[in-house]
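Trainee: Have a look at the structure that comes next, please.
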Amino acid sequence: MKQLTLYFSLAYFISWLIWLPLYGHIFGISNLPVLPFNHALGGLGPMIAAFISTFVFEKKEGLMRLVRRLILPRPLLYVLIALLSPFLLVVTAVIINAVVNHTAADFSGLLRVREFPAFNLLTFFGYNLLFFGFGEEVGWRGFALPRFQNKLNALSAGILLTVFWAIWHWPLFFYRPGYTSMDIAGIVGWLLSLLTGSILLSWLYNSSRGSILACAIFHATIDIAFTADIADKNVVGITGFLITVWGILIVVIFKWNNLSRQERYREW
């Protein structure tokens, strides 16, 4: 409990402090300097918190274990799934949309980025992998999930982690496009998407025997899939539906205890 309390406190404090220039005006705090890529820098908060918390409780040996799980591509199959599956889902969604609406399948937007039109796909992948892949997953799955799984089954641990993950996003509702315009229905849908993502990432983490690398790659590629410059918004909805079905199948096939054929990964 002490480890998780310190970790979440640090993750929130670091990210929310970095983001403060972007939302501080809501609380009367203005004229704070906005750094280049200020939003992305806040994504590093969970990773920094994980390194600090690991060192406090496990010293150098714990840090070395964490770093090994961060860089080792084991097993390679799950790294490939993490890298390719989101794009396969989007391609499938484009085809379904074309068939249903009797239009031509347009894949041209898959390699364009809405937020950073100057970025190519490789650059945007590196950006997402660093700031939101490693930045978040070293903390959420690398540190918090295995400690939740010490006491809870994998599904319950993933659901509980979703709550803390959602709270971390709180400042984004004051400044981030897409968040500021959400109504109640949009927030409910967003929470369900976080829950589905948490289930899939728990499955990937446990199946890969604790590979943070696989989780970081999946986090990055799923973000890219949902921010690709796809003209038809129906494709985004279909992609979300396919991911939800995938999450449900994970629970049905692998059951809630481990969400994997492997024993769930724990950290004592």
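The values are calculated or read from the model by the stated rules, or taken from the named source; none is laboratory data. None of the values given here were measured: they were computed from a predicted structure. FYI the Cβ positions are ideal-geometry reconstructions off the backbone, even for glycines, and counts take in every protein chain you see.
Trainee: What number of residues in region 158-188 are surrounded by 15 or more Cβ atoms within 10 Å (Cβ to Cβ) and small (Gly, Ala, Ser)?
Mentor: 2
Trainee: State which residue is modelled with the highest pLDDT when the search covers only region 192-239 and only residues that are acidic (Asp, Glu) and more than 11 Å from the chain's Cα centre (by Cα). Working first, answer last.
Mentor: Step one: list which residues in region 192-239 are acidic (Asp, Glu), which gives 223, 229, 232.
From what is left, the residues that are more than 11 Å from the chain's Cα centre (by Cα) are 229, 232.
Values: Asp229: 70, Asp232: 66.
Filtering region 192-239 for residues that are acidic (Asp, Glu) and more than 11 Å from the chain's Cα centre (by Cα), the one modelled with the highest pLDDT comes out as Asp229.
Trainee: Based on what the data block shows, is Arg261 of a type in the set (Lys, Arg) and either closer than 23 Å to Met47 by Cβ or modelled with pLDDT of 90 or more (or both)?
Mentor: So Arg261 fails the test.
Trainee: Now a separate question. For Trp246, state whether it is under 15 Å from Gly158 (Cβ atoms), in contact with a Gly (Cβ under 9 Å, 6 or more places away or on another chain) and either free of Cβ contacts under 8 Å to residues at least 60 places away in the same chain or in a helix (DSSP H, G or I) (or both).
Mentor: Judged against the criteria, Trp246 is not a match.
Trainee: For region 17-32, indicate whether the set of residues that are touching a residue at least 12 places away in the same chain (Cβ under 8 Å) and hydroxyl-bearing (Ser, Thr, Tyr) is non-empty.
Mentor: So far as region 17-32 goes, yes, one or more of its residues are touching a residue at least 12 places away in the same chain (Cβ under 8 Å) and hydroxyl-bearing (Ser, Thr, Tyr).
Trainee: Suppose we filter region 102-134 for residues that are of a type in the set (A, V, I, L, M), surrounded by fewer than 16 Cβ atoms within 10 Å (Cβ to Cβ) and over 15 Å from Phe226 (Cβ atoms); how many remain? Quick ask: steps written out before the conclusion?
Mentor: Restricting attention to region 102-134, the residues satisfying the condition of being of a type in the set (A, V, I, L, M) are 104-105, 110-111, 113, 118, 121-122, 129-130.
Narrowing the set further to residues that are surrounded by fewer than 16 Cβ atoms within 10 Å (Cβ to Cβ) leaves 104-105, 111, 118, 121-122.
From the residues that got through so far, the ones that are over 15 Å from Phe226 (Cβ atoms) too are 104-105, 118, 122.
Total meeting the criteria: 4.
Trainee: Would you confirm, using the coordinates I've provided, whether Phe116 is in a helix (DSSP H, G or I), modelled with pLDDT under 90 and closer than 26 Å to Val79 by Cα?
Mentor: No, not satisfied.
Trainee: Would you pick out the residues in region 84-104 that are closer than 23 Å to Ser207 by Cβ and touching a Ser or Thr at 6+ places or on another chain (Cβ under 6 Å)?
Mentor: Pro86, Leu89, Val90
Trainee: Quick check on region 167-181. Is at least one of its residues modelled with pLDDT under 90 and small (Gly, Ala, Ser)?
Mentor: The answer is yes, given that some residue of region 167-181 is modelled with pLDDT under 90 and small (Gly, Ala, Ser).
Trainee: If you scan region 66-101, which residues turn out to be modelled with pLDDT under 90, closer than 18 Å to Ala216 by Cα and surrounded by fewer than 15 Cβ atoms within 10 Å (Cβ to Cβ)?
Mentor: Answer for region 66-101, where residues must be modelled with pLDDT under 90, closer than 18 Å to Ala216 by Cα and surrounded by fewer than 15 Cβ atoms within 10 Å (Cβ to Cβ): Arg68, Ile71, Pro75, Leu76.
Trainee: Continuing with this model, one more query. Pull up region 140-157, narrow it to residues that are crowded, with 24+ Cβ neighbours inside 10 Å and in contact with a Phe, Trp or Tyr (Cβ under 7 Å, 6 or more places away or on another chain), then point me to the one that is nearest to Ala82 (Cα to Cα).
Mentor: Per the stated criteria, the residue is Arg141.
Trainee: Of all residues in region 136-191, count the ones that are under 13 Å from the mean Cα position of the chain (by Cα), outside any helix (DSSP H, G or I) and in contact (Cβ under 8 Å) with a residue 40 or more places away in the chain.
Mentor: Residues that pass the stated criteria total 0.
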